[in-house]
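The values are calculated or read from the model by the stated rules, or taken from the named source; none is laboratory data. Nothing here was measured: the structure is a model prediction, and the numbers come from that model. So basically every Cβ, Gly included, is an ideal-geometry build from the backbone, and we count neighbours across all protein chains shown. Areas reflect the complete protein model, heavy atoms only, side chains present, ligands, DNA and RNA absent. Shrake-Rupley method; radii C 1.70, N 1.55, O 1.52, S 1.80 Å.
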Amino acid sequence: MQVMVVAAHPDDIERHCGGTVARWTRDGCGVVFVLCTSGNRGSDDPETTPEQLAALREAEQREAAALVGVTEVLFLRHEDGGLPFVLPQLREELVRLLRTYRPACVLTHDPFVHSGYLPYQLHPDHRAAGDAALQAAYPCAGGPLFYPAQIVAGLKPHKVQELYLFMTDAPDTLVDVTDTFASKLQAVRAHRSQHSAALEPRLRERAEVLGRAQGMRLAEGFKRVVLP
Ligand SMILES: [Zn+2]
């Protein structure tokens with residue numbers, strides 16, 4: 001199976017679905033990562049520049065991806081914090097990538113989170129990346145009248161079968177990541193510019209709480225959406 005993960009920033013994927021990706025690549029699944037931004041404003045250090053930070057975070061992202069079995073990492077290089085302002089362009093880019101890579105399943109941010117986080121605390125890029133990915137997967141990629149220039153250029157329409165939404169407040173699908181949790185943590189650690197001591201215990205506790213309900217030691221949770 002071919003899978004595409006669409007995320008706003010380097011480190012989003014590993015924190016929220018790194019164990020699932022590691023498990024699926026181990027089982028022979030082809031996975032491609034799409035990073036909408038390179039996280040070029042994600043620092044409290046006024047001495048660093050957005051260009052330096054983007055280069056550093058792209059290198060960290062490639063290293064992290066390899067640790068969960070992914071070698072294909074695509075950077076769209078939109079401005080960190082600016083995704084709500086480029087939604088039309090982002091949607092078109094994602095449709096092009098869906099028609100090119102033709103994944104059966106897309107993992108992305110749940111754009112409709114309404115509890116857990118206050119809506120005001122949700123990063124605007126997370127909502128925008130999830131919204132653009134959802135629209136790209138359905139209805140755009142499968143409809144030949146969306147972005148017909150792509151069709152004229154030789155791409156075929158593509159229907160995505162299902163979405164797995166991460167950072168959701170309504171997980172209905174759990175993936176057992178007990179065997180791949182160590183790889184997930186290694187990948188999370190590869191994002192050295194974003195790492196904090198408090199992060200790993202938080203991730204482990206979340207995985208334990210999620211798994212407990214279904215007899216798994218460690219799990220990642222998703223809202224699964226089957227597309228028409
Ligand atoms: Zn993020």
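Odds and ends about this structure:
- Failed criterion for residue 28 (all others in (1) on the phi > 0 side of the Ramachandran plot; (2) touching a residue at least 60 places away in the same chain (Cβ under 8 Å) hold): (2)
- Residue check, residue 74 under 15 Å from the mean Cα position of the chain (by Cα) and not β-branched (Val, Ile, Thr): yes
- Considering 109, 191, 195, 126, the condition of being within 16 Å of the ligand (Cβ to nearest atom), under 23 Å from residue 74 (Cα atoms), of a type outside the set (Ser, Thr, Tyr) and free of Cβ contacts under 8 Å to residues at least 12 places away in the same chain is satisfied by 195 alone.
- Top-ranked residue of the stretch 1-15 - restricted to ones that are more than 9 Å from the ligand (Cβ to nearest atom) and open to solvent by 10 Å² or more (accessible area, probe 1.4 Å), ranked as modelled with the highest pLDDT: 2
- The stretch 141-165 - residue that is surrounded by 21 or more Cβ atoms within 10 Å (Cβ to Cβ), out of contact with any Asp or Glu (no Cβ under 6 Å at 6 or more places or on another chain) and of a type outside the set (Gly, Ala, Ser) and, of those, farthest from residue 18 (Cα to Cα): 160
- Members of the stretch 92-115 found to be part of a strand (DSSP E or B) and either among the aromatic types (Phe, Trp, Tyr) or touching a helix residue (DSSP H, G or I) at 6+ places or on another chain (Cβ under 8 Å) (or both), listed by number: 106, 107, 108, 109
- Here residue 44 qualifies as open to solvent by 40 Å² or more (accessible area, probe 1.4 Å) and either farther than 17 Å from residue 109 by Cα or at pLDDT 95 or above (or both).
- Of all the listed residues (178, 168), the sole one being open to solvent by less than 30 Å² (accessible area, probe 1.4 Å) and either in contact with a strand residue (DSSP E or B) (Cβ under 8 Å, 6 or more places away or on another chain) or more than 18 Å from residue 8 (Cα to Cα) (or both) is 168.
- Filtered residue count, the stretch 190-228, keeping only those that are open to solvent by 80 Å² or more (accessible area, probe 1.4 Å) and closer than 30 Å to residue 135 by Cβ: 4
- Exclusive hit being buried (at least 24 other Cβ atoms within 10 Å of the Cβ) and of a type in the set (S, T, N, Q), set 25, 37: 37
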